[in-house]
Amino acid sequence: MQSVKFISKNKQEHQFVTSLRKKVHEYFRQNNISPKANAAMVVKSVILINLYLIPFIVLLLVPVSGLAAFSLVTLMGIGIAGIGMGIMHDACHGAYSKKHWVNNMFSGTLYLLGSNVLNWKIQHNVLHHTYTNISGLDEDIDSKGPIRLAEAAPFAWSTYKFVKDGNLFVYQQTLGAAAGKAVAATGWNGSELMAVRLHVPSKIEYHNTRVENFRRGNILVWEQSLTDRLRGVPLAIDARMQTQSILYRTLWLFAATFLAVAVAFAITIWWILSRGKTPAPPAQPVGGA
């Protein structure tokens, strides 16, 4: 592995991390907020874990139709995704609780995903967070496709900002001139399209892309010909969205689904038990006439 050193003669850069941490701690202290999980996080954890476990138990114990099994497996998939992104990640970082055993317990939910806690901590906590966005060292940015975009000059430069303007969040990005390096022999002829896909977390109120590139309510796509990209023609991206996340409504949907599954599970168990009961034989008369 190549050696990377974080050295700068700029005093302001040396002070950046210290100042950033100080401001973060001050924010939590001034607003009387714990940096660990709050009640909403605990409720979310219970919902997501049960969203995986309850359908799994139903599939094991109750004969169901193919359509019902598919629905239950879909719920399990949602639960697994939520566990990975919303529970295990924070716990493995030690951010879920002040108690070490609580973090270890919720870190163990990673095993439900078929992975390993120690391996994840090395790959993510150590390698990713030490060498964040450094090509060749941070595996999280390695392209899984046939082209490594981090090494392709046409995609090398961009600036962006994300600010709150009144009741909206504003995301703006400009792809500027390329790095000026020759592109490798890829077979491109300049007629190909370069596309930027933006998946925003809330309802979009304004965007500057074409109408047909507005997809599924919260996905936007901007396109530019490879020829223009190589010439350095700027590509301006502008999207404005509501401040309330779609996830907020999704969690309420998850909660309703969880309750519905729990009620259905209880009714099914009651029905199975009630069918198994046999009526008692009639009482025989005692003595004779």
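Odds and ends about this structure:
- Here region 207-279 is treated as a sphere whose radius is the Kirkwood value from Cα pairs; by Stokes-Einstein at 25 °C and 0.890 mPa s it diffuses with a coefficient of 140 µm²/s.
- Cα-based Lys pair tally, region 11-139, threshold under 25 Å, eight or more apart or on separate chains: 17
- For the pair M85 and K98 in one chain, pulling the backbone fully straight at 0.36 nm per residue adds 2.7 nm over the alpha carbon distance.
- Projecting the Cα atoms of A95, G66, S115 onto the dipole axis of region 1-127, where Lys and Arg carry +1 and Asp and Glu carry -1 at the beta carbon, places A95 farthest toward the positive end.
- Two-site label geometry, F265 and K121: point separation in nm, points 7 Å out along Cα→Cβ: 3.0
- Nearest-0.05 FRET efficiency for N189 and R249, computed from C-beta distance (R0 51 Å): 0.65
- Residues W270, W222 arranged by fewest to most Cβ contacts within 10 Å: W270, W222
- Sites R197 and T74 - FRET efficiency at Förster radius 25 Å, r taken between beta-carbons, to 0.05: 0.55
- T18-D238 FRET efficiency (beta carbon distance; Förster radius 30 Å; 0.05 resolution): 0.30
- By the beta-carbon count within 10 Å of each Cβ, the least crowded to most crowded order of T74, T257, fewest first, is T74, T257.
- Stretch gain in nm, segment N133-D165, where the contour uses 0.36 nm per residue and the Cα spacing is subtracted: 8.7 nm
Readers should treat all values here as calculations from the given coordinates under stated rules, not as data from a laboratory. Being a predicted model, the structure only gives us computed values, none of them experimental. Heads up, the Cβs are rebuilt from the backbone with ideal geometry, glycines too, and the neighbour counts pull from every protein chain shown.
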